[in-house]
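J.: One structure, as structure tokens, below. Some questions next.
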Amino acid sequence: MKDVLKKNNRLDRTIQDMYWFSGQGRTHQLPHLLPSSNIDVFNTLLGGMLATILMMDDSPQKLLQMQQFTQWLSNNIGPEYSIEGTFKPGGAVTHHGTLYPAYAIDGLAGLTPVIYALSNTSFSITPKAYDVVKGSLMMMHQYTNPLYWPLSVSGRHPGEGKIAAEPYAYMAMAGGNKLFDTSMAAIYLQILSGNYKTAFAKDFTANGISPADFSSGHWDINYGLLSIHRRDNWLLTVRGHNRYFVTHESYPGANMYGRYLTYGNLELFYPNNTENNGSYFKDEGWDWNNIPGTTTLHVPIEKLKANIINADDFSGVEEMLLTDEVFAGGTHLGNQGIYAMKLHGSDKYDMGSFRANKSWFMFDSLIVCLGSNITNAIKDYSTQTTLFQNFLTDTLKPVQILNKTITDFPFEQKWTSFSHLFIADNRKTGYYLPKAENVRLTKTLQKSRNQKDSKNTEGAFAKLIIDHGNAPANASYEYAMLINTDSNQMKQFVSSMSSAQPVYKILQRDSLAHIVYYAPQQLTGCILFAKEKPTNDSLILSNNRPCLMMYQQAPNEISLAVADPDLGFYEGPDDTPLLPDGNRKEVSIYSKKWYATEAKPSIVKLVLKGKWKLKGINESAAITFDKKGNSILQVRCKYGEASQVKLLK
């Protein structure tokens, strides 16, 4: 329409209108004065901003506008190191103060065509900015399988939302001076699942690009408190919360019962072309008290419904709660990983006395799940840890109890005390409980409420829980998951665990530490909840601050990974204001003074038994010795990322 507008003397006015409505003025701010990026701007305004400039007649002013636009865009992509804004270290894309792929995919749908349009010109975004966007798309690929993302990151729309293909295609086309970014093109083809009718797909396949394979490995997104563990064709994620990242997001008519979505949510996904799109979840009949992996207070559904208010002037009518605990996050060494959190319930729902230390050790297809210090003073309802809650597409779907196959429906069995119990669910996941106390397995028709409109729902589910009773005092649990297993493999595993050389060994499980040794790889995972406390580990003598650590021993050599789960947006005690009765007041995350503060690095100091030296050059680590002949290892940690260190005797 440019020529028509120009002929009728409307072009200048139209450009002024476009300039105003697209908010292009933001590109003229000095870089150090720029506000944080906003995923909604990328989604809704970015294309209009570029079109506004391109409508102009060629001139020095147009050239200046284009240069400012692309400089602003690169600076806005970042990454940013506060919670505010969009792209974060480790591949997180945040919005509303949390990891939020539903917003991310819309923002990327607006951003990536612009990146492509500018590519291979003098107005391209910087290589750093390109890598940040690519890294976020790569990480989203890792926590989808390959379309749907986990329940724990679905925000206020649990069970909804899936990845979009086009951002990968545009990034592939924008891939620098090469013909394509082949990794982006391969993921695009995988998402299409063989439906290669688009021009992008025809172009990629004609140039010999094949769909991406399912990955194997372990990744941590501590700017969203999500750990990702993959093998073969399955995906496992674990998510918690802390004083920096909210427990959940509920709006009127959206996620009304999702209070426990990050209370240790463990989700196992298979490819979306399998039964129930590879998920265990179905809203109809779902018990929102029993999300797998979580430890929760099992209350009536009416009491679980969110009491949504306008908490302060910084927020809308919404619920996004924060705890006062810092400790939540994961780390990894090679393809193995660990995750842990200190759980503290919300005063808003009279759960201030509710506490638990929870951890997960992800070794190949073995997941060791530990809980300790499970305590609360609530006598009216039971505290439960959920191993699984699986939707049954067919009520005859079997579960396996020891040597017995159960197809009955309905069905219920309880164990008050039983050694070496193993159960395989209807998804070929085995669960091993060395000491099964107050364990309950059910296959039944469950009644619940729809998370949007609170209407009654029902559905068939298989469920396995540990009941810690009412008002537990220092309760604990241990169970292991074997993924994609069968009864013979489970029997072999149980036999090994009963022998002198078990597959894994619990070295410590208390308020100070959870430590597990994985024999096949001589790998030890250490969750150190407290500082300057001796542990039952043969290597670590003390630590100066709570941290996550993994190490693998070989003759005269050790490989370590260390991470500080505290991202350090602020120091000191929790800053939540207190009510006259001593309870924490509900406030929005947007009201927090540290919301736009960058994460601060820290130094984790570990005293290790014996004399060790650094192998090679490592700018993140230094080592000295104490008078007792032990090694003092100092590791610089930042952004929740794993700092890798190799030591020689």
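J.: What number of residues within segment 170-207 are within 19 Å of Asn272 (Cβ to Cβ) and part of a helix (DSSP H, G or I)?
T.: Total meeting the criteria: 8.
J.: If I ask for residues that are farther than 19 Å from Phe411 by Cα and open to solvent by 30 Å² or more (accessible area, probe 1.4 Å), which ones from segment 451-467 would you list?
T.: Lys452, Asp453, Lys455, Asn456
J.: Another question, if that's okay. Which ones in segment 167-221 are open to solvent by 10 Å² or more (accessible area, probe 1.4 Å) and aromatic (Phe, Trp, Tyr)?
T.: Those that are open to solvent by 10 Å² or more (accessible area, probe 1.4 Å) and aromatic (Phe, Trp, Tyr): Tyr170, Phe180, Tyr196, Phe200, Phe214, Trp219.
J.: Could you say whether any residue in segment 90-97 is small (Gly, Ala, Ser), in contact (Cβ under 8 Å) with a residue 60 or more places away in the chain and in contact with a Gly (Cβ under 6 Å, 6 or more places away or on another chain)?
T.: The answer is yes, given that some residue of segment 90-97 is small (Gly, Ala, Ser), in contact (Cβ under 8 Å) with a residue 60 or more places away in the chain and in contact with a Gly (Cβ under 6 Å, 6 or more places away or on another chain).
J.: In addition: Looking at (1) surrounded by fewer than 23 Cβ atoms within 10 Å (Cβ to Cβ); (2) under 16 Å from the mean Cα position of the chain (by Cα); (3) of a type in the set (Phe, Trp, Tyr), find the lone condition where Tyr263 falls short.
T.: With (1) surrounded by fewer than 23 Cβ atoms within 10 Å (Cβ to Cβ); (2) under 16 Å from the mean Cα position of the chain (by Cα); (3) of a type in the set (Phe, Trp, Tyr) applied to Tyr263, the lone miss is (1).
J.: Which one is nearest to the chain's Cα centre (by Cα) among residues in segment 216-254 that are in a strand (DSSP E or B) and under 19 Å from Gly316 (Cα atoms)?
T.: Ranking the qualifying residues of segment 216-254, first place goes to Ser250.
J.: Do you know which of the residues in segment 106-122 that are open to solvent by 50 Å² or more (accessible area, probe 1.4 Å) and not in a helix (DSSP H, G or I) is modelled with the lowest pLDDT?
T.: Asn120
J.: Among (1) surrounded by 15 or more Cβ atoms within 10 Å (Cβ to Cβ); (2) assigned to a loop (DSSP other than H, G, I, E, B), which single condition is Asn9 missing?
T.: Only one criterion is unmet by Asn9, namely (1).
J.: Checking Tyr639 against (1) of a type in the set (Phe, Trp, Tyr); (2) closer than 30 Å to Leu322 by Cβ; (3) open to solvent by 80 Å² or more (accessible area, probe 1.4 Å): exactly one of these is not met. Which one?
T.: For Tyr639, the exception is condition (3).
J.: Among the residues in segment 272-290, are any in contact (Cβ under 8 Å) with a residue 60 or more places away in the chain and of a type in the set (Val, Ile, Thr)?
T.: no
J.: Got a sec? Which of Lys611, Lys646, Lys600 is out of contact with any helix residue (DSSP H, G or I) (no Cβ under 8 Å at 6 or more places or on another chain), modelled with pLDDT of 95 or more, over 21 Å from Ala328 (Cα atoms) and part of a loop (DSSP other than H, G, I, E, B)?
T.: Criteria check complete, one pass: Lys611.
J.: Continuing with this model, one more query. Restricting to segment 395-440, and then to whatever is of a type in the set (Asp, Glu) and open to solvent by 30 Å² or more (accessible area, probe 1.4 Å), can you tell me which residue is farthest from Phe269 (Cα to Cα)? Show your work before the answer.
T.: Filtering segment 395-440 for residues of a type in the set (Asp, Glu) gives 408, 412, 425, 437.
Right, trim to open to solvent by 30 Å² or more (accessible area, probe 1.4 Å) and you get 408, 412, 437.
Values: Asp408: 25, Glu412: 26, Glu437: 28 Å.
Ranking the candidates gives Glu437 first.
Table: residues versus (1) touching a residue at least 40 places away in the same chain (Cβ under 8 Å); (2) in contact with a Leu (Cβ under 6 Å, 6 or more places away or on another chain); (3) more than 30 Å from Met138 (Cα to Cα); (4) open to solvent by 20 Å² or more (accessible area, probe 1.4 Å).
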position	(1), (2), (3), (4)
Val4	no, no, yes, yes
Arg26	yes, no, no, yes
Thr44	yes, no, no, yes
Met49	no, no, no, no
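J.: Given (1) surrounded by 14 or more Cβ atoms within 10 Å (Cβ to Cβ); (2) hydroxyl-bearing (Ser, Thr, Tyr); (3) within 23 Å of Ser496 (Cβ to Cβ); (4) free of Cβ contacts under 8 Å to residues at least 60 places away in the same chain, where does Thr444 come up short, assuming only one miss?
T.: Every listed condition holds for Thr444 apart from (3).
J.: Filter segment 511-539 down to the residues that are at pLDDT 95 or above and among the β-branched types (Val, Ile, Thr), then identify the one that is nearest to Asp564 (Cα to Cα).
T.: Ranking the qualifying residues of segment 511-539, first place goes to Ile527.
J.: Give me the residue from segment 327-353 that is assigned to a loop (DSSP other than H, G, I, E, B) and open to solvent by less than 30 Å² (accessible area, probe 1.4 Å) and, out of that set, nearest to Pro252 (Cα to Cα). It would help to see each step written out before you state the result.
T.: Of the residues in segment 327-353, the ones assigned to a loop (DSSP other than H, G, I, E, B) are 327, 334-335, 345-346, 350-353.
Of the ones still in play, those that are also open to solvent by less than 30 Å² (accessible area, probe 1.4 Å) are 327, 345-346, 351-352.
Numbers: Phe327: 30, Gly345: 22, Ser346: 19, Met351: 22, Gly352: 24 Å.
Ranking the candidates gives Ser346 first.
J.: Please go through segment 468-504 and pick out each residue that is among the hydrophobic types (A, V, I, L, M, F, W, C), touching a helix residue (DSSP H, G or I) at 6+ places or on another chain (Cβ under 7 Å) and surrounded by fewer than 19 Cβ atoms within 10 Å (Cβ to Cβ).
T.: Within segment 468-504, no residue meets the criteria.
J.: May I ask you to list the residues in segment 547-564 that are open to solvent by 10 Å² or more (accessible area, probe 1.4 Å) and either free of Cβ contacts under 8 Å to residues at least 12 places away in the same chain or among the small types (Gly, Ala, Ser) (or both)?
T.: Ala554, Pro555, Ser559
J.: Sticking with this structure for a sec: Inside segment 544-567, can you point out the residues that are in a strand (DSSP E or B) and either out of contact with any Cys (no Cβ under 8 Å at 6 or more places or on another chain) or aromatic (Phe, Trp, Tyr) (or both)?
T.: Tyr551, Gln552, Gln553, Ala554, Glu557, Ile558, Ser559, Leu560, Ala561
J.: Here's a check for you: in segment 293-316, which residue that is touching a Phe, Trp or Tyr at 6+ places or on another chain (Cβ under 7 Å) and open to solvent by 70 Å² or more (accessible area, probe 1.4 Å) is farthest from His241 (Cα to Cα)?
T.: Checked segment 293-316; the qualifying residue farthest from His241 (Cα to Cα) is Phe314.
J.: Hey, another quick one. Is at least one residue of segment 359-382 small (Gly, Ala, Ser), out of contact with any Phe, Trp or Tyr (no Cβ under 6 Å at 6 or more places or on another chain) and under 29 Å from His96 (Cβ atoms)?
T.: The answer is yes; a qualifying residue exists.
J.: Hey, among Leu567, Leu579, Leu539, Leu507, which residue is crowded, with 21+ Cβ neighbours inside 10 Å and either under 24 Å from the mean Cα position of the chain (by Cα) or not hydroxyl-bearing (Ser, Thr, Tyr) (or both)?
T.: Leu567
J.: Oh, and also: Before we move on, is Gly155 within 17 Å of Gly224 (Cβ to Cβ) and modelled with pLDDT under 95?
T.: For Gly155, the condition - within 17 Å of Gly224 (Cβ to Cβ) and modelled with pLDDT under 95 - is not met.
J.: Name the residue that is farthest from Phe327 (Cα to Cα), counting only residues in segment 525-536 that are buried (at least 20 other Cβ atoms within 10 Å of the Cβ) and not polar (S, T, N, Q).
T.: My answer is Gly525.
J.: Looking only at segment 608-639, which residues are of a type in the set (Phe, Trp, Tyr) and in contact with a strand residue (DSSP E or B) (Cβ under 7 Å, 6 or more places away or on another chain)?
T.: Keep residues of segment 608-639 that are of a type in the set (Phe, Trp, Tyr), which gives 612, 625, 639.
Answer for segment 608-639, where residues must be of a type in the set (Phe, Trp, Tyr) and in contact with a strand residue (DSSP E or B) (Cβ under 7 Å, 6 or more places away or on another chain): Trp612, Phe625.
J.: Still on this structure: Which condition breaks for Asp58 when tested against (1) open to solvent by 20 Å² or more (accessible area, probe 1.4 Å); (2) in contact (Cβ under 8 Å) with a residue 40 or more places away in the chain; (3) not hydrophobic (A, V, I, L, M, F, W, C)?
T.: With (1) open to solvent by 20 Å² or more (accessible area, probe 1.4 Å); (2) in contact (Cβ under 8 Å) with a residue 40 or more places away in the chain; (3) not hydrophobic (A, V, I, L, M, F, W, C) applied to Asp58, the lone miss is (2).
The values are calculated or read from the model by the stated rules, or taken from the named source; none is laboratory data. Computed from a predicted structure; not experimentally measured. Counting neighbours? That spans all protein chains shown, and the Cβs are built from the backbone with ideal geometry, glycine included. Accessible surface is based on the protein model in full, side chains and every heavy atom, while ligands, DNA and RNA are left aside. Shrake-Rupley method; radii C 1.70, N 1.55, O 1.52, S 1.80 Å.
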